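A quick write-up on the structure given underneath.
The values are calculated or read from the model by the stated rules, or taken from the named source; none is laboratory data. Note that the structure is a prediction, hence the values are computed from the model and not measured. Cβ coordinates were reconstructed from backbone atoms using ideal geometry, including for glycine residues, and neighbour counts include every protein chain displayed. Surface areas here come from the heavy atoms of the whole protein model, side chains and all, with no ligands, DNA or RNA. Shrake-Rupley method; radii C 1.70, N 1.55, O 1.52, S 1.80 Å.
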Amino acid sequence: MSPAFRTMDVEPRTKGVLLEPFVHQVGGHSCVLRFNETTLCKPLVPREHQFYETLPAEMRKFTPQYKGVVSVRFEEDEDRNLCLIAYPLKGDHGAVDIVDNSDCEPKSKLLRWTNKKHHVLETEKSPKEWVRQHRKEEKMKSHKLEEEFELLKKSEVLYYSVEKKGNISSQLKHYNPWSMKCHQQQLQRMKENAKHRNQYKFILLENLTSRYEVPCVLDLKMGTRQHGDDASEEKAANQIRKCQQSTSAVIGVRVCGMQVYQAGTGQLMFMNKYHGRKLSVQGFKEALFQFFHNGRYLRRELLGPVLKKLTELKAVLERQESYRFYSSSLLVIYDGKEWPEVTLDSDAEDLEDLSEESADESAGAYAYKPIGASSVDVRMIDFAHTTCRLYGEDSVVHEGQDAGYIFGLQSLIDIVTEISEESGE
């Protein structure tokens, strides 16, 4: 195990951070929570924790930044509603201050607690009192969430109309049924184990969606094999069946989830993993086309940057010896809100005016974005079943590259290239 993975008990204290559902989670079964604006929180799995702490330097630009570990408890309010609260670890003090340590060695401890105030349950208001107040404000939304859960069971692709004149990003938090489903399941699991345990370790990771106004997120399950070396026979057989019955076996990649804002129609579209498993190769290509389509036209300016990053990632993974990224996903993220383009030779005065206007969203202004600055992100996530020869406790040691993952990347590159060429780029 990693030397940094050690016992971290929580000291009795009155401060904590309320963890909220991460509304842009579109796939996976592990609950991802919002710690603050730029940081997410998910249950610590020793293998994934070890991966982040021993991550090869050249892979860091293709994974979320690892920020440390916190201890999480669930608490119940007077209405028996459950919530999750993150507390500092033993030896830390005060509130949370996330340190940007991206240029440092990942083995260093990246979480520091200070006396700064942000998203913190202060001493004059206990966590339970804070949560009680928060829950009362949210109570009116509970019936809507129950309806969303029922709809999720029946529908694998959902469309919602949003008010384009309002704040689109704030509306997103009321629509994504998958993130709420994962959140409720996590709470239920912890409640069921309450008699035996009410303290959990969670890891903190970079929120990859934080710099986007309206994040469009594609979650792709990568590789021709999904089960880890430690999987039971039943689990392995189940994962093999899923791969054989989906595009995973044919092209090494399948859709695990999708969230797209189509500005042209004013609709949000959600696709879950159950639909993704049913897609043919042609259906997979059509899903990718839909992901990059805004309801009026294809966002062709995004395809070049995506291809560039996929090609770079493929080259990096081809240099990784012994790694196997079983059941890992690849995220593709871009902004569904389109910004007006301004040429680089525009007058400084014009750019300054645009910059000032961008701060006033109520006036319908947009932030300045120079031509060619279309931002799209490609990152690997979910490493609970990753293995490598560096992991001394693993009984199986693989040689060479992760051919299944690389095959999936090449398929993805080929399909995005086809979409680009067919669209006339």
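Name the pairs: first residue in region 399-425 and closer than 16 Å to HIS293 by Cβ, second residue at pLDDT 95 or above and among the β-branched types (Val, Ile, Thr), Cβ to Cβ under 7 Å, at least 6 apart or on different chains?
VAL416/VAL306
Determine whether region 232-253 contains at least one residue that is of a type outside the set (Asp, Glu), part of a strand (DSSP E or B) and touching a Ser or Thr at 6+ places or on another chain (Cβ under 6 Å).
Checked against the condition, which is being of a type outside the set (Asp, Glu), part of a strand (DSSP E or B) and touching a Ser or Thr at 6+ places or on another chain (Cβ under 6 Å), region 232-253 yields at least one hit.
Restricting the search to region 207-223, which residues are crowded, with 19+ Cβ neighbours inside 10 Å and not in a strand (DSSP E or B)?
Scanning region 207-223 gives ASN207, LEU208, THR209, TYR212, VAL214, GLY223.
Here is a yes/no grid of residues against (1) open to solvent by less than 10 Å² (accessible area, probe 1.4 Å); (2) of a type in the set (S, T, N, Q):
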site: VAL250; (1), (2): no, no
site: PHE284; (1), (2): yes, no
site: GLN290; (1), (2): no, yes
site: GLY304; (1), (2): no, no
site: ALA315; (1), (2): no, no
site: SER322; (1), (2): yes, yes
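Determine which member of the set LEU279, LEU268, LEU204 is open to solvent by less than 10 Å² (accessible area, probe 1.4 Å) and at pLDDT 95 or above.
The match here is LEU204.
Mind listing just one residue for me: the one in region 20-47 that is out of contact with any Asp or Glu (no Cβ under 9 Å at 6 or more places or on another chain) and assigned to a strand (DSSP E or B) and, of those, surrounded by the most Cβ atoms within 10 Å (Cβ to Cβ)?
The selected residue is CYS41.
Would region 152-173 turn up any residue that is within 24 Å of the chain's Cα centre (by Cα), modelled with pLDDT of 65 or more and under 24 Å from LEU409 (Cα atoms)?
No, every residue in region 152-173 fails to be within 24 Å of the chain's Cα centre (by Cα), modelled with pLDDT of 65 or more and under 24 Å from LEU409 (Cα atoms).
Any residue in region 224-249 that is within 19 Å of GLN282 (Cβ to Cβ) sitting within a Cβ distance under 7 Å of a residue that is of a type in the set (A, V, I, L, M) and crowded, with 19+ Cβ neighbours inside 10 Å? List the pairs, counting only those 6 or more apart or interchain.
THR247/VAL253
Given the residues LEU390, LEU409, which is the only one that is surrounded by 18 or more Cβ atoms within 10 Å (Cβ to Cβ) and either of a type outside the set (S, T, N, Q) or over 22 Å from the mean Cα position of the chain (by Cα) (or both)?
Just one listed residue meets the conditions, LEU409.
For region 35-44, state whether one or more residues are closer than 17 Å to CYS83 by Cβ and modelled with pLDDT under 90.
Within region 35-44 (the criterion being closer than 17 Å to CYS83 by Cβ and modelled with pLDDT under 90), the answer is no, since none of the residues qualifies.
Regarding GLY295, is this residue in a helix (DSSP H, G or I) and either crowded, with 21+ Cβ neighbours inside 10 Å or over 22 Å from the mean Cα position of the chain (by Cα) (or both)?
On the way: in a helix (DSSP H, G or I): no; either crowded, with 21+ Cβ neighbours inside 10 Å or over 22 Å from the mean Cα position of the chain (by Cα) (or both): yes.
It is false that GLY295 is in a helix (DSSP H, G or I) and either crowded, with 21+ Cβ neighbours inside 10 Å or over 22 Å from the mean Cα position of the chain (by Cα) (or both).
Looking for something modelled with pLDDT of 80 or more and hydroxyl-bearing (Ser, Thr, Tyr) - is there at least one such residue anywhere in region 345-367? Step through it out loud before you land on a result.
Quick first cut of region 345-367, residues modelled with pLDDT of 80 or more only: none.
Scanning region 345-367 turns up no residue that is modelled with pLDDT of 80 or more and hydroxyl-bearing (Ser, Thr, Tyr).
Quick check on region 246-263. Is at least one of its residues over 22 Å from the mean Cα position of the chain (by Cα) and of a type in the set (Lys, Arg)?
Among the residues of region 246-263, not one is over 22 Å from the mean Cα position of the chain (by Cα) and of a type in the set (Lys, Arg), which makes the answer no.
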